[in-house]
1. Could you grab the pairs with beta carbons closer than 7 Å, sequence gap of 6+ or different chains, first residue in the range 81-110 and within 14 Å of Q39 (Cα to Cα), second one in a loop (DSSP other than H, G, I, E, B) and aromatic (F, W, Y)?
2. Among the candidates R75, R83, R124, which residue alone is buried (at least 16 other Cβ atoms within 10 Å of the Cβ) and among the basic types (K, R)?
3. List the pairs whose first member sits in the range 153-179 and is surrounded by 18 or more Cβ atoms within 10 Å (Cβ to Cβ), whose second member is β-branched (V, I, T) and at pLDDT below 80, and whose Cβ atoms are under 7 Å apart, counting only residues at least 6 apart or on separate chains?
4. Does any residue of the range 166-174 turn out to be within 30 Å of P246 (Cβ to Cβ), outside any loop (DSSP other than H, G, I, E, B) and among the hydrophobic types (A, V, I, L, M, F, W, C)?
5. Given the criteria β-branched (V, I, T), at pLDDT below 95 and closer than 25 Å to L15 by Cα, does T49 qualify?
6. Name the helices (runs of 4 or more DSSP H) wholly within the range 257-348 that hold at least 1 residues that are at pLDDT below 95, exposed (fewer than 13 other Cβ atoms within 10 Å of the Cβ) and of a type in the set (A, V, I, L, M, F, W, C)?
Amino acid sequence: MFGGLVFAALFAAVLIAFPSAILKSLPAAFFGNTYTRIQWRVLNVDGETGSARRVYVFGGSQVVQGFPPAGELQRMADAALGRVQVLEAGFSGQSLLDSFILLTHLPVDGRTVVFIQASPSRLRDKAPLMGASRLFLDPSAALRAMRDRGFDIRDTERTARICRELIVLATRAFRPYDKLLTETRYKNAPSLHVARMLPRPAPQGTEPGLSEERAKGEPVSDLDVLGVIRDYVADRGGCLVLFEMPHNAGFPSGMPGWSPREHDDPAVKQWLTRLQESGGQAESARFDTAFHQRVKSSGVPYVSFNEPDKYEATDFYDSVHLLSSGRDVFLPSFFDALKTVFDACPRGGQPTSHGETQ
């Protein structure tokens, strides 16, 4: 017992001191959740790709659900595009700074195209930075780039954050990994999945924005972070593109599991009734004119894959997350956009417009 505690303490100390080296050396099967698996994949990307293009895709849960597992995605990309290396590096709740930290651990040059998801939760006026990150990876390169642009950014919670996530890592080690676990749960029991999504009541006396105020690190505009990322990629000869994932504007009409009559719990019924009547709680409602103005003001080329006529409500499991049938529609459009981007920046630089690019 005592020996085990000593070993755990030593392992934790080594991980805190050398997280990247430890994560890289562990087997892929060790990682039972998406964001630790993504960090492992980033550290193990082969920097030598010959004449192949590199494509990195960053974003949140919409990206996770929009792309198949890594091996399948690479096979599809090879068939559609020829010689290309594709890394989809999304995880739920990924912030723009998280995306930047991941990017700084990857090779970027004139053969590189970086796709960053644009969504309301990733383009905020005041984004908590380091205190909200779950990453083990060394953030120093991203923070240095921020400081060089005049931002006073400090990673004051690094050790505490790694210790907290070490517990998560240990409890999920060697568990079966399912990238599309949420989709699987929805397909297996739609009504039960919806019941689990019932929002918890806000604690009494909690003021809006309190969690952001408590977050360590200087809150800044995501657009400012995006500007640093744009310069980082351009300085290395790569291309940066913002992209919008498809979403279900008609949610929740016509979707199994989201109808009030499917639920015995009156609280769930009441929530779903309000949702159907107003549509205000649907994530898709946030992709409004104000959001698109923010995207346009970034000055970064933009591709929207939100093509409502191509999708049915049943291609999603809620208002923004694709099911397999939705991926069958989305992925060909994504590969077509890549061909246009490749043509627009054959040796680096920013691409010209494609589709709804701004």
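1. Final answer for the pair search is E88/F67.
2. Just a single option satisfies the conditions, and that option is R124.
3. Cβ pairs passing all conditions: I162/I16.
4. Checked against the condition, which is being within 30 Å of P246 (Cβ to Cβ), outside any loop (DSSP other than H, G, I, E, B) and among the hydrophobic types (A, V, I, L, M, F, W, C), the range 166-174 yields no hits at all.
5. No.
6. Result: 266-278, 289-297.
For every residue, the table says whether it meets (1) within 29 Å of D343 (Cβ to Cβ); (2) without any contact (Cβ under 8 Å) to a residue 60 or more places away in the chain; (3) in contact with a strand residue (DSSP E or B) (Cβ under 8 Å, 6 or more places away or on another chain).
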| residue | (1), (2), (3) |
| --- | --- |
| V228 | yes, no, no |
| V233 | yes, no, yes |
| R236 | yes, no, yes |
| L240 | yes, no, yes |
| E244 | yes, no, yes |
| H247 | yes, no, yes |
| F251 | no, no, yes |
| G254 | no, no, no |
| W258 | no, no, no |
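The values are calculated or read from the model by the stated rules, or taken from the named source; none is laboratory data. This is a predicted model, so every value here is computed, not measured. Methodologically, a virtual Cβ is constructed for each residue, glycine included, from the backbone with ideal geometry; neighbour enumeration extends over all protein chains shown.
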